[in-house]
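The values are calculated or read from the model by the stated rules, or taken from the named source; none is laboratory data. No experiment lies behind these values; they were computed from the predicted model shown. Here the Cβ positions follow ideal geometry from the backbone for every residue, glycine too, while neighbour counts run over all protein chains shown.
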Amino acid sequence: MRRSPLILLPILLAILVAGCAPAVVGSRSNPVDLQRDRSATATPGSTIYVRSTYPSGAFGLRADAFRGAFQIPLGVDGSGARVTSEFELVDVVGPAGWSWRLEDVWSESRGGRPPVLVVTLRLDVPADARLGGQQLRGTLVARPSGGREPVSLVVQVVPRR
């Protein structure tokens, strides 16, 4: 008995669609965007990444504040520099045992526009985190200017599946 090759078509399509699915929101490759979402969902023991973008002036910085930093090309019309050491996350308020810290800060300039600062924060949810909503707050500080920006996030802790 000979089987038609068309029988494999649904299987191949399912594999293709699964491969194109977006990464989990809150992962390193697909962080929660604080400009759009002020909340995230997590399971006990997980890690969540959140990202926020600021004009450099938000911290009282001049547009050329990081011009001396090593620039990396970003496509044909942009460049960026890692400036994490120039920032810190302070005054963090959250549940005991939770760790919210500064992961990365980039100064990016594209297409002749003024630079923006792309800040990534990492939240480690402890394995014994209680279920339900938890709020975290902190303040980002730019060391060169002393400029401050508040950040906050509500995390809904759900059981693992």
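Just one of (1) under 20 Å from S145 (Cα atoms); (2) touching a residue at least 60 places away in the same chain (Cβ under 8 Å) fails for Y49. It is (1). When region 107-132 is limited to residues that are without any contact (Cβ under 8 Å) to a residue 40 or more places away in the chain and in a strand (DSSP E or B), the one that is nearest to S52 (Cα to Cα) turns out to be E108. None of S52, S79 is modelled with pLDDT under 90 and either hydroxyl-bearing (S, T, Y) or part of a strand (DSSP E or B) (or both) except S79. Does L61 satisfy being under 22 Å from G26 (Cβ atoms) and either out of contact with any strand residue (DSSP E or B) (no Cβ under 6 Å at 6 or more places or on another chain) or of a type in the set (A, V, I, L, M, F, W, C) (or both)? Considered against the rule, which asks whether it is under 22 Å from G26 (Cβ atoms) and either out of contact with any strand residue (DSSP E or B) (no Cβ under 6 Å at 6 or more places or on another chain) or of a type in the set (A, V, I, L, M, F, W, C) (or both), L61 comes out as no.
Let's see how each residue does on (1) aliphatic (A, V, I, L, M); (2) within 15 Å of the chain's Cα centre (by Cα); (3) loosely packed, with under 14 Cβ neighbours inside 10 Å:
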| position | (1), (2), (3) |
| --- | --- |
| I72 | yes, no, yes |
| E88 | no, no, no |
| D91 | no, no, yes |
| G94 | no, no, no |
| D104 | no, yes, no |
| P115 | no, no, no |
| R160 | no, no, yes |
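Just one of the listed residues (S99, S4) is surrounded by fewer than 14 Cβ atoms within 10 Å (Cβ to Cβ), of a type in the set (S, T, Y) and either more than 23 Å from L123 (Cα to Cα) or modelled with pLDDT under 95 (or both), and it is S4. Considering only residues in region 117-155 that are more than 14 Å from the chain's Cα centre (by Cα) and hydroxyl-bearing (S, T, Y), the one that is modelled with the lowest pLDDT turns out to be S145.
Is region 86-106 home to any residue that is out of contact with any Gly (no Cβ under 8 Å at 6 or more places or on another chain), aliphatic (A, V, I, L, M) and either part of a helix (DSSP H, G or I) or farther than 23 Å from D37 by Cα (or both)? Yes, region 86-106 contains at least one residue that is out of contact with any Gly (no Cβ under 8 Å at 6 or more places or on another chain), aliphatic (A, V, I, L, M) and either part of a helix (DSSP H, G or I) or farther than 23 Å from D37 by Cα (or both). If you go through region 55-76 and keep only what is assigned to a strand (DSSP E or B) and in contact with a Gly (Cβ under 6 Å, 6 or more places away or on another chain), you end up with just I72.
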